[in-house]
Amino acid sequence: MIVHIIYRLGVGGLENGLVNLINKLPENAYRHAIICLTESTDFSQRIGRNDVDIFQLHKQPGQDWRSFYAVYRLLKQLRPAIVHTRNLAAIEYQICALLAGVGYRIHGEHGWDVFDPDGSKIKYQWLRRIIGTIIHRFIPLSRHLQDYLRDRVGIPAHKITRICNGVDTSVFYSAGGERIIPDGCGLALRDKVVIGTVGRMHGVKDQITLVRAS
């Protein structure tokens, strides 16, 4: 079994990647459970399996020490082979995995946190460095994050495996035939390349740079 520990199961790139991972891995080879430190939403309905247990801890803001005990108890109950935490909000729960005797511990870095958008805060570097001693594998989703973990945090290179975000071209691909321009669009799009992006309008996502780049 793989237990995934995340902050919240709602709409987002991290959560979408988790759902895709669960849906794509062979059902006869992998079982999954998700521990949501706060809550789960209707986004969980995108999971295409009915054997995935989802636990909601309703963690209070800040250091809610009861949540650590709750995660420890769940891990002792589930007895997973792998625990996979994601992003800074969940990394401390690797300690629970260690104490619960989980044999293999993975941590994913999916992007920059809103409270440390450029990774410059020393205390978060030290947090990753210290807890990194009990993590077997780090999974950054970009070269920038990989370099950050190796060069600024000090995670050994042999513990880092970069898996970049990508596009499933079996689902998303260029349309064939004549290009369709919506009526009343108001933009001169004919004979031009149109690039679209979908993202949350938050400073850490830096959508303004994407607009300027176009």
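The values are calculated or read from the model by the stated rules, or taken from the named source; none is laboratory data. Everything numeric in this text was worked out from a predicted model, so none of it was measured. Cβ atoms come from the backbone with ideal geometry, glycine included; neighbour counts cover every protein chain shown. We work out accessible area using only protein heavy atoms, side chains counted, and drop any ligands, DNA or RNA first. Shrake-Rupley method; radii C 1.70, N 1.55, O 1.52, S 1.80 Å.
The number of residues in the range 78-97 that are among the basic types (K, R) and within 18 Å of P140 (Cβ to Cβ) comes to 1.
Does G199 satisfy the condition of being modelled with pLDDT under 95, surrounded by 14 or more Cβ atoms within 10 Å (Cβ to Cβ), part of a loop (DSSP other than H, G, I, E, B) and in contact with a Leu (Cβ under 8 Å, 6 or more places away or on another chain)? Spelling it out, it is not the case that G199 is modelled with pLDDT under 95, surrounded by 14 or more Cβ atoms within 10 Å (Cβ to Cβ), part of a loop (DSSP other than H, G, I, E, B) and in contact with a Leu (Cβ under 8 Å, 6 or more places away or on another chain). Looking at the range 104-120, is at least one residue in contact with a Phe, Trp or Tyr (Cβ under 8 Å, 6 or more places away or on another chain), open to solvent by 40 Å² or more (accessible area, probe 1.4 Å) and within 30 Å of H144 (Cα to Cα)? Taking every residue of the range 104-120 in turn, at least one turns out to be in contact with a Phe, Trp or Tyr (Cβ under 8 Å, 6 or more places away or on another chain), open to solvent by 40 Å² or more (accessible area, probe 1.4 Å) and within 30 Å of H144 (Cα to Cα). Being in contact (Cβ under 8 Å) with a residue 60 or more places away in the chain and out of contact with any strand residue (DSSP E or B) (no Cβ under 9 Å at 6 or more places or on another chain) is the filter here; which residues of the range 100-135 pass it? Passing the criteria: G111, W112, D113, V114, P117.
Return the residues of the range 126-136 that are crowded, with 16+ Cβ neighbours inside 10 Å and over 16 Å from G111 (Cβ atoms); say none if nothing qualifies.
I131, G132, I135
Kindly indicate whether R128 is in a helix (DSSP H, G or I) and in contact with a Gly (Cβ under 7 Å, 6 or more places away or on another chain). Here the answer is no, as R128 does not meet what is asked. A Cβ distance below 8 Å, combined with a sequence gap of six or more or placement on separate chains, defines the contacts here; from the range 147-168, residues that are closer than 23 Å to G12 by Cα reach residues that are exposed (fewer than 12 other Cβ atoms within 10 Å of the Cβ) in the pairs R162/R143; C164/R143. Close Cβ contacts (under 7 Å, 6 or more residues apart or on different chains) running from residues in the range 40-59 that are in contact (Cβ under 8 Å) with a residue 60 or more places away in the chain to residues that are aromatic (F, W, Y) and assigned to a strand (DSSP E or B) are absent.
Looking at Q207, Q146, can you tell me which residue is of a type in the set (S, T, N, Q), surrounded by 10 or more Cβ atoms within 10 Å (Cβ to Cβ) and at pLDDT below 80?
The match here is Q207.
Inside the range 2-13, residues that are open to solvent by 30 Å² or more (accessible area, probe 1.4 Å) and either touching a helix residue (DSSP H, G or I) at 6+ places or on another chain (Cβ under 6 Å) or at pLDDT below 95 (or both) make up a count of 3. Of all residues in the range 13-29, none that is more than 15 Å from G108 (Cα to Cα) has its Cβ atom under 8 Å from the Cβ atom of a residue that is modelled with pLDDT under 95 and polar (S, T, N, Q), 6 or more apart or on another chain.
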